[in-house]
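Presented below is the structure to which this report refers.
The values are calculated or read from the model by the stated rules, or taken from the named source; none is laboratory data. Note that this is a predicted model, so its numbers are computed, not measured. Cβ coordinates were reconstructed from backbone atoms using ideal geometry, including for glycine residues, and neighbour counts include every protein chain displayed.
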Amino acid sequence: MNNLLLEKVLKGKRLSQDEIFGLFQLDLLSLANIASQAKQRKHFHNMITYIIDRNINYSNICVSGCKFCAFYRKKDDPESYTLAKEEIFLKIEELISKGGCQILMQGGLHPDHSLDFYEDLVREIKARFDIHIHAFSPPEIVHIANISSLSIEDVIVRLKDAGLGSIPGGGAEILSNKIRKRISPNKCSADDWINVMRLAHKIGLRTTATMMFGHVETLEDRVVHLLKIRELQDETGGFTAFIPWTFQPENTQLKRASVSSYDYLRTLAVSRIALDNFENIQASWVTQGDKIAQIALFFGANDMGSTMLEENVVRAAGVSFQMTEAQICRLIEDIGLIPRRRDTLYNLL
């Protein structure tokens with residue numbers, strides 16, 4: 001089976017649902033070999049990209065109550081917050097001083113903030129700074145549309161007109177309504193997530209896609225998730241990258257053991273092989289640490305993500321890995337590859 005799958009990958013042939021599931025049964029080294037060959041078809045050079053950006057979580061107030069989240073707080077919780085614009089501006093100034101070109105801005109599903117709040121924030125940021133705004137995941141956009149009595153398309157258009165540059169793939173978790181009902185029953189459906197991305201691509205915004213795995217889903221659920229992402233990419237071509245990352249259980253309502261590095265690496269490799277229409281697969285050093293992220297470059301990843309000047313959501317779940325630009329570059333160089341800084345759309349800087 002290994003040789004047949006490798007032959008299909010080398011010829012650029014698409015794998016079926018059963019074949020993708022079969023990849024999970026291969027030994028890890030065989031899987032790494034096939035994933036590396038799949039990456040080489042798209043990235044025959046030795047470059048590994050990264051970006052300098054900052055995560056700005058403008059608020060942790062959220063009505064979703066997802067069982068996997070340790071970050072959110074209810075509105076009346078003493079630890080709840082919403083950042084003042086001046087605080088956000090200071091964070092952006094610090095990022096730009098360090099060579100940053102993008103902010104990733106996400107928050108909870110706030111019960112009171114309509115589109116005007118987010119529209120004004122984006123517009124004021126763009127008026128002050130030459131910075132790319134990568135913000136508002138699909139659940140946030142669906143929530144903003146509902147609370148503002150607007151269509152999803154209207155919300156995306158108005159945010160784009162205000163200065164939104166692209167949309168992050170957060171909130172995908174697993175694109176199965178059966179799973180979502182168990183871990184995030186108050187968040188948008190799988191179909192809503194896909195619809196937001198389809199509309200964003202139609203309007204001209206690029207987006208990323210993600211998968212959070214290692215909680216209550218099965219391997220079959222992971223495969224279905226990958227197929228849904230692949231199908232939409234066939235339709236629109238609007239995804240810039242795919243980022244699989246692992247559920248972090250500490251301080252959450254889901255009592256699960258942490259996913260092993262073995263499971264992370266095999267899922268990353270399967271993602272590279274299955275998503276034959278994605279150029280970029282990102283390693284998740286934020287959840288896996290530097291050494292596993294380095295190994296991930298041999299399992300299909302071609303991007304190390306962000307230096308992440310600030311990160312709060314994963315940290316709230318008890319995981320805190322940090323890396324500077326110099327450390328990221330050294331990890332890449334230590335295995336004979338070439339680090340290259342990029343922007344949001346994967347243009348080399």
Could you check how many residues of the stretch 293-326 are part of a helix (DSSP H, G or I) and modelled with pLDDT of 70 or more? 6
Are any residues in the stretch 255-301 among the small types (Gly, Ala, Ser) and surrounded by fewer than 22 Cβ atoms within 10 Å (Cβ to Cβ), and if so, which ones? 257, 258, 260, 261, 289
For the subset of the stretch 57-105 comprising residues that are closer than 20 Å to residue 144 by Cα and of a type in the set (D, E, K, R), which member is modelled with the lowest pLDDT? 75
Kindly indicate whether any position in the stretch 37-47 is surrounded by 21 or more Cβ atoms within 10 Å (Cβ to Cβ), on the phi < 0 side of the Ramachandran plot and among the small types (Gly, Ala, Ser). yes
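Each row is one residue, and each column tells you yes or no for (1) in contact with a Gly (Cβ under 8 Å, 6 or more places away or on another chain); (2) assigned to a helix (DSSP H, G or I).
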site: 78; (1), (2): no, no
site: 112; (1), (2): no, no
site: 117; (1), (2): no, yes
site: 122; (1), (2): yes, yes
Restricting the stretch 107-134 to residues that are surrounded by fewer than 22 Cβ atoms within 10 Å (Cβ to Cβ) and touching a residue at least 60 places away in the same chain (Cβ under 8 Å), the residue that is farthest from the chain's Cα centre (by Cα): 121
Considering every residue within the stretch 54-62, establish whether at least one is touching a helix residue (DSSP H, G or I) at 6+ places or on another chain (Cβ under 8 Å), in a loop (DSSP other than H, G, I, E, B) and either closer than 30 Å to residue 347 by Cβ or among the hydroxyl-bearing types (Ser, Thr, Tyr) (or both). yes
What do you reckon, is residue 211 farther than 21 Å from residue 110 by Cβ and assigned to a strand (DSSP E or B)? yes
